[in-house]
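Read the structure below first, then the notes.
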Amino acid sequence: MRIAIKRLALPALAVMTTLSGCSAMKTTGDALFGPGLQEAQLTPRNATYRDLLNLPAPKGKILAAIYSFRDQTGQYKPAPNSSFSTAVTQGGASMLMDVLNESGWFIPLEREGLQNLLTERKIIRAALTKPDTPANNNVPLPSLVAANVLLEGGIVAYDTNIRTGGAGARYFGIGIDDQYRVDQVTVNLRAIDIRSGRVLHSVLTSKTVYSKAISADVYRFISFRRLLEMEAGTTTNEPAQLAMLSAMEAAVIHLISEGIVNNSWALQNPDDINNPVLQYYLNESTYIM
């Protein structure tokens with residue numbers, strides 16, 4: 001948790017739910033507190049994923065090579081976490097491959113695991129020289145497909161505590177408080193012409209990572225030597241990896257939009273330039289602080 005809250009007292013659960021004015025406590029399955037056990041599911045996505053799926057069709061898909069999409073922030077999780085635990089995911093390339101594939105504009109080529117691919121191809125070539133070659137290995141290997149563009153970039157910044165705040169009140173030993181914290185992740189994505197090495201387009205996108213904590217407590221003497229003490233609360237932390245995934249989705253849409261305007265690639269139907277999603281991202285301006 002990024003925001004520390006007071007320890008929870010289960011006997012006070014019903015009273016504290018009323019005090020905090022929220023219904024965050026929910027019983028699921030055998031859980032007495034919290035959301036309970038949840039089964040594996042597809043990764044939830046933000047609104048940028050819907051925009052990615054609603055892009056108009058391209059005139060032709062772009063063959064794109066992605067060798068890496070590294071963590072360039074140098075940030076580690078704050079104490080008491082391990083000093084070797086990074087603040088952002090190390091699987092940026094895998095995330096970007098999924099985003100490019102979902103966009104419908106790119107055909108991502110495997111380059112991060114290129115050595116493994118080449119090893120398998122060597123095994124097949126070795127099998128072709130044997131008389132008892134298995135059926136799945138007896139066809140000559142075609143050449144690997146070359147890319148049209150190289151996509152480079154990475155997670156370039158992770159800023160913590162760019163905004164924090166809170167509010168609270170206490171009356172006759174009954175109190176409630178609300179705290180929030182905002183971090184920010186920034187990614188860079190650029191398209192490079194394979195033949196010339198020229199950077200065709202480069203975009204920077206940022207996404208906030210929001211954390212919120214609500215807690216309530218009672219600390220009151222109800223009679224001589226009779227102290228009533230109850231505490232409850234809930235904390236919500238936006239997953240950092242989902243924020244990075246959303247920033248990557250926005251970066252890909254911006255990259256596609258800039259490429260259309262600068263004739264680096266084209267729409268299947270030129271009239272689709274008026275597509276609401278394209279117009280929204282084309283008209284989005286850089287915020288000046």
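The values are calculated or read from the model by the stated rules, or taken from the named source; none is laboratory data. Note that the structure is predicted; figures quoted are calculated from it, not measured. Using ideal geometry, Cβ is built from the backbone for each residue, glycine included, and neighbour counts are taken over all protein chains shown.
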Open item on the list: I'm trying to understand the selection: among the residues of segment 44-64, which are polar (S, T, N, Q) and under 19 Å from residue 208 (Cβ atoms)?
Closed with: 46, 48
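Does residue 151 satisfy the criteria of being in a strand (DSSP E or B) and either surrounded by 19 or more Cβ atoms within 10 Å (Cβ to Cβ) or in contact with a Cys (Cβ under 7 Å, 6 or more places away or on another chain) (or both)? Let's see the steps before the verdict.
On the way: in a strand (DSSP E or B): yes; either surrounded by 19 or more Cβ atoms within 10 Å (Cβ to Cβ) or in contact with a Cys (Cβ under 7 Å, 6 or more places away or on another chain) (or both): yes.
Yes.
Out of all the residues in segment 135-175, which are over 26 Å from residue 208 (Cα atoms) and hydrophobic (A, V, I, L, M, F, W, C)? Working first, answer last.
First pass over segment 135-175, keeping only residues over 26 Å from residue 208 (Cα atoms): 135-150, 169-175.
Within segment 135-175, 135, 139, 141, 144, 145, 146, 147, 149, 150, 169, 172, 174 qualify.
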Open item on the list: Checking the conditions here, which among 127, 93 is in contact with a helix residue (DSSP H, G or I) (Cβ under 8 Å, 6 or more places away or on another chain), at pLDDT below 95 and in a helix (DSSP H, G or I)?
Closed with: 127
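From the set of residues in segment 34-51 that are touching a Ser or Thr at 6+ places or on another chain (Cβ under 9 Å) and exposed (fewer than 14 other Cβ atoms within 10 Å of the Cβ), which is modelled with the highest pLDDT?
So in segment 34-51, the residues touching a Ser or Thr at 6+ places or on another chain (Cβ under 9 Å) come out as 34-38, 45-49.
Among the residues that remain, those that are also exposed (fewer than 14 other Cβ atoms within 10 Å of the Cβ) are: 34-38, 47.
Working: 34: 73, 35: 76, 36: 77, 37: 81, 38: 82, 47: 91.
This residue is 47.
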Open item on the list: Just to verify a result, which residue in segment 69-90, among those that are assigned to a loop (DSSP other than H, G, I, E, B) and either of a type in the set (Val, Ile, Thr) or surrounded by 14 or more Cβ atoms within 10 Å (Cβ to Cβ) (or both), is modelled with the lowest pLDDT?
Closed with: 77
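Where residues in segment 52-65 are more than 17 Å from residue 270 (Cβ to Cβ) and surrounded by 20 or more Cβ atoms within 10 Å (Cβ to Cβ), which of them is farthest from the chain's Cα centre (by Cα)? Show your work before the answer.
We begin by selecting, within segment 52-65, every residue more than 17 Å from residue 270 (Cβ to Cβ); these are 52-54, 61-65.
Filter once more, keeping what is surrounded by 20 or more Cβ atoms within 10 Å (Cβ to Cβ): 52, 62, 64-65.
Numbers: 52: 14, 62: 24, 64: 21, 65: 21 Å.
Out of the qualifying residues, it is 62.
Only residues that are more than 30 Å from residue 51 (Cα to Cα) and either surrounded by 11 or more Cβ atoms within 10 Å (Cβ to Cβ) or touching a helix residue (DSSP H, G or I) at 6+ places or on another chain (Cβ under 9 Å) (or both): list them for segment 96-117, please.
Within segment 96-117, the first condition is being more than 30 Å from residue 51 (Cα to Cα), and the residues that meet it are 114-117.
Within segment 96-117, 114, 117 meet the criteria.
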Open item on the list: Quick check on segment 233-240. Is at least one of its residues of a type outside the set (D, E, K, R), part of a helix (DSSP H, G or I), free of Cβ contacts under 8 Å to residues at least 40 places away in the same chain and out of contact with any strand residue (DSSP E or B) (no Cβ under 6 Å at 6 or more places or on another chain)?
Closed with: no
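Look at segment 99-113 and say how many of its residues are in a helix (DSSP H, G or I) and touching a residue at least 12 places away in the same chain (Cβ under 8 Å). If you could, list the steps in order and put the result at the bottom.
So in segment 99-113, the residues in a helix (DSSP H, G or I) come out as 99-103.
Next, from what is left, pick out any that are touching a residue at least 12 places away in the same chain (Cβ under 8 Å): 99-100, 102-103.
Adding up the residues that qualify gives 4.
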TODO: Filter segment 161-194 down to residues that are closer than 30 Å to residue 72 by Cα and either surrounded by fewer than 16 Cβ atoms within 10 Å (Cβ to Cβ) or basic (Lys, Arg) (or both), then give me how many there are.
DONE: 9
